[in-house]
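I have placed the structure first, in the form of structure tokens, so that the comments after it can refer back to it.
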Amino acid sequence: MTTLYGITGGVGMGKTTVAGLLLEGGMPVVDSDELAREVVAPGTVAMDEIRRTFGAGFMAADGSLDRAKMAGKVFADATARQALEAIIHPRVRALWMAQAARWRAQQVPHAAVVIPLLYEVKAEGEMDQVLCVACTPATQRQRLRARGWSDAQIEQRIHAQWPVEQKMARADRVIWTEGSIDVVRSQLFRLWPGQGKGVAPSVR
């Protein structure tokens, strides 16, 4: 029997690092953000729908999605964001649910899916447990500035998600990513002895 964990949390709070630690410890993980990139690859049905909905101006010269331009549009316009999500989210959900089915067929004991908008898309019912990855707002903003985002971009992205306090309150476990990578690793090790022993990238 497979125990499926949903990993969520605020933008810039360390979900990628937690996923990396679990992978290094031997737990299979799929990231919905990576699946979203697959879904909108050039030539896909989703990409054709995005072109029809938003126009060719959001396509790069090679036929790929102009992510920076699209982000500028959808994070400033809730209606546009909902239209984009309606194209992408169902396809991404189908992919990670198919992967979960394969894990169950293979009798993988533990596996995880990273879904930043897990509660927003009502995916918690598909999970056996939900982990919320969190840190302080000050650390969150510091990390996002390190990505080169302006304060306006940071605020837009934070407000496009549920407040992390709500996610923490609903989650089964909270992984706190303040401090060193060893602190994060030790939290995972307490949850899953044998997990998270490898070397992971810096928290981001």
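A few notes on this one:
- Amide H partners (placed H, <5 Å) of residue 110, local residues excluded: 3
- For residue 65, distant residues with modelled amide H under 5 Å away: 60
- Applied to region 186-191, the Karplus parametrisation 6.51 cos²θ - 1.76 cosθ + 1.60 on θ = phi - 60° returns per-residue 3J(HN,Hα) values of 5, 5, 5, 5, 5, 6 Hz, with x for Gly and Pro.
- Applying the Karplus relation 6.51 cos²θ - 1.76 cosθ + 1.60 with θ = phi - 60° to region 140-156 yields 3J(HN,Hα) values of 4, 5, 4, 5, 6, 5, 5, 7, x, 7, 6, 4, 5, 5, 4, 5, 4 Hz, where x marks Gly and Pro.
- Per-residue ³J(HN,Hα) for region 70-84, Karplus 6.51 cos²θ - 1.76 cosθ + 1.60, θ = phi - 60°, Hz, x for Gly and Pro: 5, 4, x, 6, 6, 7, 9, 9, 4, 5, 5, 5, 5, 5, 5
- Summarising the strand pairing of region 1-135, around 5 percent of its internal DSSP beta bridges are antiparallel.
- Whether the chain is rounded, prolate or oblate, judged on the alpha carbon gyration tensor where a/c under 1.5 counts as rounded: oblate
- Net charge dipole, region 49-117: roughly 160 debye, given to the nearest 20, about the Cα centre with Cβ charges of +1 for Lys and Arg and -1 for Asp and Glu.
- Exposed GluC sites (Glu not before Pro) absent: longest stretch of the chain, with sites in DSSP loops and at most 16 other Cβ within 10 Å deemed exposed: 1-119
- With Rh defined as the Kirkwood radius, the inverse of the mean 1/r over Cα pairs, the Rg/Rh of region 15-104 is 1.04.
- Contact order normalised by residue count of region 83-204, Cα under 8 Å, 6+ apart, percent: 23
- For the chain: relative contact order, % (alpha-carbon pairs under 8 angstrom, 6 or more apart): 41
- Cut-off under 5 Å, modelled amide H: who pairs with residue 174 long-range: 132
- Ratio of Rg to Rh over region 119-162 (Cα coordinates, Kirkwood Rh, two decimals): 1.08
- Put in order of Cβ neighbour count within 10 Å, fewest first, the listed residues 151, 62 become 62, 151.
FYI, it's all coordinate maths here, none of it is from the lab. All figures in this text were calculated on a predicted structure; none of them were measured in a lab. Cβ coordinates were reconstructed from backbone atoms using ideal geometry, including for glycine residues, and neighbour counts include every protein chain displayed.
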